[in-house]
Amino acid sequence: MASALALSPTLLPFSRHRRSILSPAPQNPLLSSIPRPHLLGGGVVSLPLVPSGRVLWRVRAETPKQEREPMVPPFNVLITGSTKGIGLAFAKEFLKAGDNVVVCSRSAERVELTIKQLREEFGEKHVWGTVCDVSKGEDVKALITFARDKLNYIDIWINNAGSNAYSYKPLAETADDDLMEVVTTNTIGVMICCREAINMMLNQPRGGHIFNIDGAGSDGRPTPRFAAYGATKQSVVHLTKSLQAELQMQDVKNVMVHNLSPGMVTTDLLMSGANTKQAKFFINILAEPPDVVAENLVPSIRSVPSRQSMRPTYIRFLTGLKAYSQIFSRLAFGARRNRYVIED
């Protein structure tokens with residue numbers, strides 16, 4: 001299901017987000033002073049000795065293959081949480097581009113209906129689907145096996161599955177089950193999927209790209225009424241940065257992890273929280289339908305493997321400039337009033 005939420009003015013992007021929607025991830029200046037690791041025999045990565053004669057750290061890693069086959073379309077794409085919302089919209093756009101797609105969901109019924117719908121529109125030889133709960137390691141391993149069986153390899157993996165348990169209330173009033181669903185899906189699920197996708201792609205001749213979807217809270221700003229969701233989305237951005245650093249440390253040349261930001265999307269997840277004056281105001285101003293967002297983002301996603309790039313990227317739909325422009329139009333001219341929901 002879609003995972004982008006933003007219902008508070010504190011969540012608006014500031015100028016530091018006004019980079020291109022397809023730009024290299026920022027580098028941490030503190031890392032520039034740390035000596036680069038050296039690859040030793042047996043796959044041991046070790047930093048030089050510090051003056052005291054102690055080794056800073058050693059990490060045992062498999063030595064990756066330095067050469068890979070070029071990625072050319074059509075691409076094989078796997079999207080989690082892709083039977084509705086932005087995930088389904090992504091699937092349609094990739095299929096329109098001629099790619100092959102694997103969809104999945106926790107609901108067997110939704111998977112069946114989605115596959116039927118997509119095959120009627122795009123043919124039976126380009127789309128497959130299976131049940132998968134991303135919070136369960138055995139399910140994700142089975143998803144990998146399914147994808148390999150149908151397509152042999154995956155070029156693009158999008159971690160779209162996300163949840164706020166359809167709950168908008170203070171954390172103090174949130175049930176245990178709701179908290180567990182949010183954390184296990186948004187944090188544990190993304191970690192498991194990244195782990196399994198990386199292990200699969202390391203052994204693929206073409207390598208692969210993983211895209212983690214962010215959401216409200218990913219920039220560190222508060223998310224009142226869905227605090228747990230915001231905390232998990234900030235963890236996704238941190239996870240992506242850490243994985244990028246790990247891949248660089250291990251000198252991996254054929255796998256990269258990226259961030260993907262769809263902004264505010266009019267999915268069931270977002271609209272279930274449209275019950276306050278503030279929420280209605282910002283949904284009308286900033287939100288867009290899933291098909292509009294997917295139509296904009298999918299070409300940017302596909303351009304990454306098409307350019308044979310292995311640089312980390314952060315692809316955004318709702319940039320700071322776009323957000324402030326739409327807010328100005330509303331305040332100055334009344335644009336987008338009552339566009340999706342009737343405001344008080």
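For the stretch 142-156, give me each residue that is in contact (Cβ under 8 Å) with a residue 24 or more places away in the chain and more than 15 Å from Asn203 (Cα to Cα).
Hits for the stretch 142-156 are Leu143, Phe146, Lys150.
For Tyr340, indicate whether it is among the aromatic types (Phe, Trp, Tyr), farther than 30 Å from Asn254 by Cβ and in contact with a helix residue (DSSP H, G or I) (Cβ under 6 Å, 6 or more places away or on another chain).
yes
For residues that are part of a loop (DSSP other than H, G, I, E, B), open to solvent by less than 20 Å² (accessible area, probe 1.4 Å) and free of Cβ contacts under 8 Å to residues at least 60 places away in the same chain, tally how many sit in the stretch 278-333.
2
Check off (1) open to solvent by 10 Å² or more (accessible area, probe 1.4 Å); (2) in contact with a Phe, Trp or Tyr (Cβ under 9 Å, 6 or more places away or on another chain) for Leu202 and give me the number that stays unchecked.
That leaves (2) as the condition not met.
Check Pro299 against each of (1) over 18 Å from Ala216 (Cα atoms); (2) touching a helix residue (DSSP H, G or I) at 6+ places or on another chain (Cβ under 6 Å) and name the one condition it does not meet.
(2)
Looking only at the stretch 92-132, filter to residues that are of a type in the set (Asp, Glu) and in contact (Cβ under 8 Å) with a residue 40 or more places away in the chain; which one of those is most open to solvent (accessible area, probe 1.4 Å)?
Glu93
Taking the stretch 255-276 as the search range and keeping residues that are open to solvent by 10 Å² or more (accessible area, probe 1.4 Å) and over 22 Å from Ala89 (Cβ atoms), which one is nearest to the chain's Cα centre (by Cα)?
So the residue we want is Met256.
When the residues of the stretch 69-91 are filtered to those that are closer than 16 Å to Thr266 by Cβ and out of contact with any Gly (no Cβ under 8 Å at 6 or more places or on another chain), which remaining residue is most open to solvent (accessible area, probe 1.4 Å)?
Per the criteria, the residue is Lys84.
Which residue out of Ala142, Ala161, Ala231, Ala172 is open to solvent by 10 Å² or more (accessible area, probe 1.4 Å) and in a loop (DSSP other than H, G, I, E, B)?
Ala161
The values are calculated or read from the model by the stated rules, or taken from the named source; none is laboratory data. In this text the structure is predicted, and so the values were computed from the model without any measurement. As a convention, Cβ positions derive from the backbone with ideal geometry for all residues, glycine included, and neighbour counts pool all protein chains shown. Accessible surface areas use protein heavy atoms only, side chains included; no ligands, DNA or RNA. Shrake-Rupley method; radii C 1.70, N 1.55, O 1.52, S 1.80 Å.
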